[in-house]
Amino acid sequence: VSQAMAVLVNEGLIERIPRRGTMVIGEEERNNRKSVCLVMLEHEDVYGEITTGITSRLLPKDLYPVTINNSVYNGGFEEMIKFLENFMNDNPYGVIVDGHNKLPYDFLRKNVKKAHKLIFVNCFGDPKKIPGAKYALADYEEAGREVARYLVNKGHRSLAFFATDEPLIEYSESI
């Protein structure tokens with residue numbers, strides 16, 4: 001029963017309210033969830049393209065993005081947690097996160113239900129998977145092999161790849 005209730009909470013059909021019990025979320029309230037938080041802290045071109053791509057898919061569904069990026073976030077977990085707490089208290093449709101290692105994963109782990117839909121894209125920089133979250137991650141190892149094959153087929157023979165010290169954590173799960 002508790003697993004079934006957890007599924008209903010994750011799907012946004014019911015809400016557990018401390019000291020009040022479990023409440024059914026009405027159709028009107030579910031339909032009022034229109035905001036999606038995008039946490040994209042990197043600033044290279046690819047992250048702008050990821051944000052643009054996600055935004056272009058949200059708008060036709062009558063959802064609007066609220067973005068946290070480097071121009072909003074100065075690196076302190078406290079200010080990001082405060083923003084996310086306020087955002088999640090407004091009953092969002094969901095939260096989409098580019099999950100590199102500069103995020104308050106413990107906060108996200110504790111508040112996965114308040115996010116309604118917590119989705120990590122591109123990468124995930126925490127060693128422990130967050131139950132209830134979804135993952136759409138890049139396979140950097142396969143991408144490296146594809147690039148190497150392409151360059152070898154073009155006649156290049158001396159190849160070098162640069163890597164970061166960020167841990168590679170993979171979760172293959174469809175959304």
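The values are calculated or read from the model by the stated rules, or taken from the named source; none is laboratory data. What you see is a predicted model, and the numbers here were worked out from it, not measured in a lab. Ideal geometry is used to build each Cβ from the backbone, glycine not excepted, and the neighbour counts take in all protein chains shown. Note: accessible area is taken over every heavy atom of the protein model, side chains too, but ligands, DNA and RNA are not part of it. Shrake-Rupley method; radii C 1.70, N 1.55, O 1.52, S 1.80 Å.
Here's the yes/no breakdown for (1) of a type outside the set (V, I, T); (2) surrounded by fewer than 18 Cβ atoms within 10 Å (Cβ to Cβ); (3) more than 26 Å from P18 (Cβ to Cβ):
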{"position": "L41", "(1), (2), (3)": "yes, no, yes"}
{"position": "T52", "(1), (2), (3)": "no, yes, yes"}
{"position": "L63", "(1), (2), (3)": "yes, yes, yes"}
{"position": "Y93", "(1), (2), (3)": "yes, no, no"}
{"position": "G99", "(1), (2), (3)": "yes, no, yes"}
{"position": "L108", "(1), (2), (3)": "yes, no, no"}
{"position": "F120", "(1), (2), (3)": "yes, no, yes"}
{"position": "E141", "(1), (2), (3)": "yes, yes, yes"}
statement: Residue pairs qualifying under the 9 Å Cβ cut-off, at least six apart or on distinct chains, with the first in the stretch 113-134 being among the aromatic types (F, W, Y) and the second being part of a loop (DSSP other than H, G, I, E, B) and open to solvent by less than 80 Å² (accessible area, probe 1.4 Å), are F120/I130; F120/A133; F120/Y171; F124/H100; F124/I130; F124/A133; F124/I169; F124/Y171
query: Within the stretch 53-75, can you find the residues that are at pLDDT below 85 and assigned to a helix (DSSP H, G or I)?
result: K61
query: Which condition number does Y93 fail, the rest of (1) in contact with a Ser or Thr (Cβ under 7 Å, 6 or more places away or on another chain); (2) among the hydroxyl-bearing types (S, T, Y); (3) modelled with pLDDT under 85 being met?
result: (3)
task: Out of the residues in the stretch 143-160 that are surrounded by 12 or more Cβ atoms within 10 Å (Cβ to Cβ) and modelled with pLDDT under 90, state the one that is farthest from F124 (Cα to Cα).
output: A148
task: Take the residues in the stretch 21-39 that are modelled with pLDDT of 75 or more and farther than 23 Å from L59 by Cα, then tell me which one is surrounded by the most Cβ atoms within 10 Å (Cβ to Cβ).
output: T22
